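S.K.: Got a structure for you, questions after.
The values are calculated or read from the model by the stated rules, or taken from the named source; none is laboratory data. A quick note: this is a predicted structure, and the numbers were derived from the prediction, not measured. Here the Cβ positions follow ideal geometry from the backbone for every residue, glycine too, while neighbour counts run over all protein chains shown. Heads up: the accessible areas ignore ligands, DNA and RNA and are worked out on the full protein's heavy atoms, side chains in. Shrake-Rupley method; radii C 1.70, N 1.55, O 1.52, S 1.80 Å.
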Amino acid sequence: PKDVPTAVRTLLLATKRLQDTLRLWAAGQASETAVSDVYVQIGNDFNATVNAFAEHGVDLSEIYSVPADLRLVLENCLGEEPSPEVLDTYMPDIRRILYALLEGIQRKQ
């Protein structure tokens, strides 16, 4: 079984990588595919984290919507021409979703 701290750390690193990759995308230095790949990684790490907690009988259902919420914002963001201004428009929502994820995990740790 995957231990909770490792699963959480891996997920947190992926969320940081998403923000870094989005900044590169906005600057024209990363493709939509690169952002999508990091999003998929977050989904996998999210599932691993939920499963690690579940093995300890901890329910994370209040954050189950995070991947879908994140996907919606990313699809809207990536649907526009890459620019720092576009990223500035969507970043508050992305941060809010990631913050809700972190809060939900921290409350249960």
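S.K.: Which entry in (i) 27, 13, 10; (ii) 30, 20, 9; (iii) 23, 14, 13 is this structure's computed semi-axes √(5λ) of the Cα gyration tensor in Å?
M.R.: (i)
S.K.: Per DSSP H run of n ≥ 4, the term is -39500 (n - 2.57); total these for the chain, divide by its residue number, and report the mean residue ellipticity at 222 nm rounded to 500 deg cm²/dmol.
M.R.: The per-residue figure over the chain is -27000 deg cm²/dmol.
S.K.: So, by mean Cβ neighbours within 10 angstrom, what's the order for 36-46, 65-75 with the highest one leading? It would help to have the intermediate numbers written out before the result.
M.R.: Values: 36-46: 17.9, 65-75: 16.4.
Listed from highest to lowest mean packing, they are 36-46, 65-75.
S.K.: Under a Cβ-only charge scheme (Lys and Arg +1, Asp and Glu -1), can you give me the dipole magnitude of the chain about the Cα centre, in debye to the nearest 20?
M.R.: Computed charge dipole of the chain: roughly 420 debye.
S.K.: Relative to the present Cα-Cα distance, how much length would full extension add between GLN29 and ARG71 at 0.36 nm per residue of separation?
M.R.: Residue separation times 0.36 nm, minus the Cα-Cα distance, leaves 13.0 nm.
S.K.: While we're on this one: Take the solvent-accessible surface of the protein heavy atoms, probe 1.4 Å, and return the percent of it on the chain that carbon and sulfur atoms account for.
M.R.: So the carbon and sulfur contribution to the accessible surface is 52 percent.
S.K.: Shifting gears a bit: Before anything else, pin down the relative contact order of the range 4-107: Cα pairs under 8 Å, at least 6 apart, normalised by residue count, whole percent.
M.R.: 32
S.K.: What is the calculated FRET efficiency for ARG96 to ASP3, with r their C-beta to C-beta distance and R₀ = 22 Å, to the nearest 0.05?
M.R.: E(calc), rounded to 0.05, equals 0.20.
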